[in-house]
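Each remark here refers to the structure printed beneath this line.
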Amino acid sequence: AVVEGMRDGVIVVDWQDRIVDLNPAAREVVSPTSQDLVGRPIGEVLQVWNQLAPTLPFVPHAHAELSATVGGVERRFAVGVSPLQQRSARLQGRLIVLHDITALKASQEAVQRSEQRYRTLFEASGDAIFVTGADGRIVDCNQSACSLYRSSRERLTGLAVVELVRPDSNDEGGFLGLGPTGTGRFVPAWGQRADGSCFPAEVGTQPVQVGGDPLTVVFVRDVTERKQAESHWQGENTLLRSIAENAPLALYVVDGRDDRVLYANQRFRDLWGLPPMDADPGGEGVPTGEEIGAALQRQVSDPAAFGELWARLRGEIPRTVVEQDLALADGRTLRWFSTQVRDSHGHYFGRLHIFEDNSDRKRAEDTQRLAAVGQLAAGVAHEFNNILCSMRLRADLAHLRRTPSEYDELVRVVVEGAKKGAQICDDMLSFARPAPPQRVSAPIEEPLEAALSLAERRLAAAPIAVQREYRTEGWRVSIDPGQMEHVFLNLILNACDAMPDGGTLSLRTWFEPLAGGQVVVEISDTGCGIRPEDLPRVFEPFFTTKGLLGASELPATGLGLAVSHGLLRAHHATISVRSEWGQGAVFEIRFEAHERSTESTAEAEPALPTRRMASPGRVLVVEDEDEVRATVEEALQSEGYEVVTVSGVPEAKSLLESEAFDLVVTDMLMPGGSGRTVVQTARRAASSPPVVVITGKPDPALEQEMRLAGAAQVVAKPFGLSELLAAVRPLGRGPHGQG
């Protein structure tokens, strides 16, 4: 137990120099990771043994030193070898002791270094050093003394030490005690050379004993450069203080050790109602950092969250940087920035806190946001008013003339208007809340070529020549191919509109290793370009130079680039444009490079079978809008279904609990409940009919939620007859689509 607990390493070897036993301390030195040491030759695990082995037959005890890494630290050990003998003096083995002498060696080396330093200090010191005897005269000096006083060692030796300073510099007593009873501290003085020139200096003395003789060592330090630096620093300090005092920010610096406020500018004092600096030069009126934090916590609108953050800043993570807005209970908003402060050596000693009252800016941002919403609403109203106006005029003409051709034209205008309105709604939703991308790893050229294929007719009609240059070096990106195809198609069609008389469309891709690797797509054209005043606004919603909102006759809503910008932002990609009027436009898109290897893509889910009900079925339609309810009823009756309609959730629940249905079609939002209630009631019903949910609020999250609740299909408004029948036909007759 004693050996196991020893701090010294102990190894026992037999007469054949094989390890018999070793304690944990020895194992940590020779091989901390190996477990099978017993039985191995000592020379394999202790390299110094190969130096000791030749001497062991001739001496009973041997010693050496070795270095080893223990716990990641380089250590030094004294190795002692002693024989283990039987009473017959026969050698039975050897005892090896590893004694840690790291501290001893460090001390010895420090002493050696100290001696070397002191041996060279006299000559190498930048200070002038003089050695004087008991009579105050110089007996020796170093080379720095000769250089400082511009004299030789011989001429300085024998001088009285008081002759080294200007007589009027003795007012602080610097040379009054330069004998063996000197003060041992540095005092300011003016050094004086033999030629009468003077320099600012600091003088220190230290009495010593050398061979029983009392001597005094005199140090003379030239502080000319330091005085100049101090003067410069004072000027810089004045400048920095002036900047801090005139900055439009309230700031203070707090000591990280004792929570003292080291500096607080006047604006901060005004913010907290503290006395002005000229009335409080010592800073006694400034509260501690903890008191400031407590005062802040009383004023913010969310004291709990602020208190938790403030505690973190004063805790174990001083590296925390804070930059956020603090909402105050009185309605104001403070922008707060807090960061660590380090000295010239990089050591943390405190924190800098900066406060800015940005209440006015917040109000301006809110006003600007409302203006943007107003602009967006105006754009939506403009587009829908156009659609509604054409529908109303065509309806009035059909009512006036009452001819089949007019009614046919009315049908065409209504259908086209509904489709255009639905497209505007989809674009608006994509702009306001883009659907989360369904990412796969794919070459960026795939959606680019797919978009090019869709635009093939437009390109051929102009005609427009297409130039390709793909150099992505096999790199793939993580994208939603459908969304990227939408983005590229929009850019390609815009390029076609810019080249009505033909031109060249260039598609380039390449890989850039910057910023962790980027795949870049460039789409450029030789069209009319973009006017300088329009260039900053190309990604704004409802801004367009086409259609009724612009000068061109080409149809447009001004949402294409805005939606594309939102889709790319969801992919963490960036898009930029450069153009000169009359010289075409260049759109550049940058994606994060994903990988070079090929990944197999998931197989597409099999499509639902599309078969009609074997025979007419019974359908419950739940819809609060009279016109929609009646239209859905007629559409289903035209297909042979027996249709029961209700306008609210309570009536639907009552019918589902008392009657059997083969299918339920329900709106999502209605008075007295929601489509979710209808779905849940249908699942509990005896017939358990499948449910088709129709909604005017298309949302991927809502669709997923309805499917999890048990809905068979979700159809977004506005929909046509074909979309409605496509949703209900596959469900079949009977529970869960059983025909």
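The values are calculated or read from the model by the stated rules, or taken from the named source; none is laboratory data. Since this is a predicted model, take the numbers as computed values, not measurements. Glycine gets a Cβ as well: all are built from the backbone with ideal geometry, and neighbour counts include every protein chain shown. Calculation scope for accessible area: heavy atoms of the full protein, side chains included, ligands and nucleic acids excluded. Shrake-Rupley method; radii C 1.70, N 1.55, O 1.52, S 1.80 Å.
Can you pull out every residue in the range 333-355 that is surrounded by fewer than 15 Cβ atoms within 10 Å (Cβ to Cβ) and touching a helix residue (DSSP H, G or I) at 6+ places or on another chain (Cβ under 6 Å)? Scanning the range 333-355 gives no hits.
Annotation note: Cβ proximity below 7 Å between a residue of the range 238-261 that is closer than 17 Å to A311 by Cα and open to solvent by 80 Å² or more (accessible area, probe 1.4 Å) and a residue that is part of a loop (DSSP other than H, G, I, E, B) and not small (G, A, S) (sequence gap 6+ or interchain) occurs for R260/T288. Checked against (1) out of contact with any helix residue (DSSP H, G or I) (no Cβ under 6 Å at 6 or more places or on another chain); (2) modelled with pLDDT of 80 or more; (3) surrounded by fewer than 17 Cβ atoms within 10 Å (Cβ to Cβ), Q266 meets all criteria but (1). Residues that are part of a strand (DSSP E or B) and under 30 Å from E4 (Cβ atoms) within the range 86-137 comprise L91, Q92, G93, R94, L95, I96, V97, L98, H99, D100, listed in sequence order.
Within the range 442-451, the set of residues being of a type in the set (A, V, I, L, M), assigned to a helix (DSSP H, G or I) and open to solvent by less than 10 Å² (accessible area, probe 1.4 Å) comprises L448, A451.
Considering only residues that are among the polar types (S, T, N, Q), open to solvent by less than 40 Å² (accessible area, probe 1.4 Å) and closer than 15 Å to T472 by Cα, which ones fall in the range 503-541? Result: T509, single match.
Against the condition without any contact (Cβ under 8 Å) to a residue 60 or more places away in the chain and in a helix (DSSP H, G or I), how does E65 come out, does it pass? Taking the combined requirement at face value, the residue does not satisfy it. As for the range 89-106, it holds at least one residue that is farther than 30 Å from W15 by Cβ and hydroxyl-bearing (S, T, Y). Report yes if G529 is on the phi > 0 side of the Ramachandran plot, out of contact with any strand residue (DSSP E or B) (no Cβ under 6 Å at 6 or more places or on another chain) and modelled with pLDDT of 60 or more, otherwise no. Criteria not met by G529. Count of the range 327-356 residues, restricted to those that are free of Cβ contacts under 8 Å to residues at least 40 places away in the same chain and over 21 Å from the mean Cα position of the chain (by Cα), is 14.
Per the listing Q438, Q467, Q483, the residue uniquely surrounded by fewer than 14 Cβ atoms within 10 Å (Cβ to Cβ), touching a residue at least 40 places away in the same chain (Cβ under 8 Å) and under 25 Å from R569 (Cβ atoms) is Q438. Report, by residue number, each residue of the range 273-318 that is outside any helix (DSSP H, G or I), among the β-branched types (V, I, T) and either at pLDDT 70 or above or surrounded by 13 or more Cβ atoms within 10 Å (Cβ to Cβ) (or both). Selection gives V286, T288, V300. Checked against (1) of a type outside the set (D, E, K, R); (2) farther than 30 Å from H63 by Cα; (3) surrounded by 13 or more Cβ atoms within 10 Å (Cβ to Cβ), Q85 passes all but a single condition, namely (2). Listed conditions (1) over 30 Å from the mean Cα position of the chain (by Cα); (2) at pLDDT below 90 are all met by S506, apart from (2). Tell me, yes or no, whether the range 676-684 has at least one residue that is touching a residue at least 60 places away in the same chain (Cβ under 8 Å), open to solvent by less than 20 Å² (accessible area, probe 1.4 Å), within 21 Å of V714 (Cβ to Cβ) and within 48 Å of the chain's Cα centre (by Cα). No, the range 676-684 contains no residue that is touching a residue at least 60 places away in the same chain (Cβ under 8 Å), open to solvent by less than 20 Å² (accessible area, probe 1.4 Å), within 21 Å of V714 (Cβ to Cβ) and within 48 Å of the chain's Cα centre (by Cα). Condition first: surrounded by 15 or more Cβ atoms within 10 Å (Cβ to Cβ) and either acidic (D, E) or modelled with pLDDT under 75 (or both). Now tell me which residues in the range 388-397 satisfy that. Within the range 388-397, S390 is the sole residue that qualifies.
Quick grid of which residues meet (1) of a type in the set (A, V, I, L, M, F, W, C); (2) more than 25 Å from D14 (Cα to Cα); (3) surrounded by 13 or more Cβ atoms within 10 Å (Cβ to Cβ):
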{"site": "H61", "(1), (2), (3)": "no, no, no"}
{"site": "A64", "(1), (2), (3)": "yes, no, yes"}
{"site": "V73", "(1), (2), (3)": "yes, yes, no"}
{"site": "V79", "(1), (2), (3)": "yes, no, yes"}
{"site": "V111", "(1), (2), (3)": "yes, yes, no"}
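Any idea which of D21, D14 is modelled with pLDDT of 80 or more, within 16 Å of L95 (Cα to Cα) and either open to solvent by less than 50 Å² (accessible area, probe 1.4 Å) or in contact with a Leu (Cβ under 6 Å, 6 or more places away or on another chain) (or both)? Going through D21, D14 in turn, the sole match is D14.
Of the residues screened, A635 is not one that is buried (at least 16 other Cβ atoms within 10 Å of the Cβ) and modelled with pLDDT of 85 or more. Counting residues in the range 114-125 that are modelled with pLDDT of 85 or more and open to solvent by less than 30 Å² (accessible area, probe 1.4 Å) gives zero. Q209 falls short on exactly one of the conditions (1) assigned to a helix (DSSP H, G or I); (2) surrounded by fewer than 12 Cβ atoms within 10 Å (Cβ to Cβ); (3) over 44 Å from the mean Cα position of the chain (by Cα), and that condition is (1). Within the range 713-731, not a single residue is more than 27 Å from G421 (Cα to Cα), assigned to a loop (DSSP other than H, G, I, E, B), of a type outside the set (D, E, K, R) and touching a residue at least 24 places away in the same chain (Cβ under 8 Å).
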